[in-house]
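Taking it in order: structure first as structure tokens, then the write-up.
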Amino acid sequence: MAHELYTRTNQKLFFAGLALNAWQQAEEGRMMNAQALVQAEREAALFHLYGALLGLCHEIAGYYRLAQAAAPRAELLLAPSVLESAPSPELAELVELAQQPSTWLAQLLTAYAALFQPPQAPKTAKVDPTLPLIQSVSLVDEPPALARQELEDWRQQLKSLALRFRESLSEC
């Protein structure tokens with residue numbers, strides 16, 4: 001494998017595609033552990049999408065020879081302070097996308113960060129001491145899990161962004 005920065009981004013985008021395909025097969029299959037497989041592939045796709053984002057950040061940082069070029073997390077490169085110290089149009093676009101909560105990039109970063117949070121029970125105050133200690137729990141109140149199509153859209157967005165950035169980063 002070549003040791004160019006873009007190879008890691010391409011590899012992670014490819015792996016995310018494989019995870020999304022396996023996710024689709026798990027949804028279509030009638031296996032007993034299909035729900036667990038779907039969750040595993042959802043997390044794998046999210047992991048690889050974040051890795052592709054980090055790879056793209058490394059490409060940009062490497063091209064502009066930023067001091068933070070070896071940052072281990074994308075958030076460290078998507079900080080406004082990095083942009084102030086070394087302005088670049090590609091990094092500016094990524095920082096802007098990351099700071100607006102409604103964009104696909106901010107949602108990707110939020111979803112990736114959520115992977116590392118422990119499950120939390122809903123907080124309810126027990127008012128009446130005569131109520132039973134054991135209560136039934138409903139999973140309806142949980143936020144809906146990320147859809148496969150949404151992650152596929154994020155992958156396509158990231159892929160097109162990488163291709164567009166590479167055109168401007170090339171030294172022709």
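What follows draws every value from the coordinates through simple rules; no lab data is involved. For clarity, every value in this text was computed on a predicted model and none was experimentally measured. Note that we place each Cβ from the backbone using ideal geometry, even for glycine, and neighbour counts take in every protein chain shown.
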> What is the distance in Å between the Cα centres of the stretch 5-26 and the stretch 50-116?
Replying inline: 20 Å
> If the chain between A106 and A121 were fully stretched, how many nm would it gain, using 0.36 nm times the residue separation less the Cα-Cα distance?
Replying inline: 2.9 nm
> Restricting attention to the stretch 1-77, which GluC sites (Glu not before Pro) occupy a DSSP loop and are surrounded by at most 15 other Cβ atoms within 10 Å?
Replying inline: E4
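Rounded to the nearest 0.05, what FRET efficiency do E93 and N33 have when you use their Cβ-Cβ distance and R0 = 30 Å? Working shown, then result.
Working: r = 41 Å, r/R0 = 1.37.
Working from the Cβ atoms, E equals 0.15.
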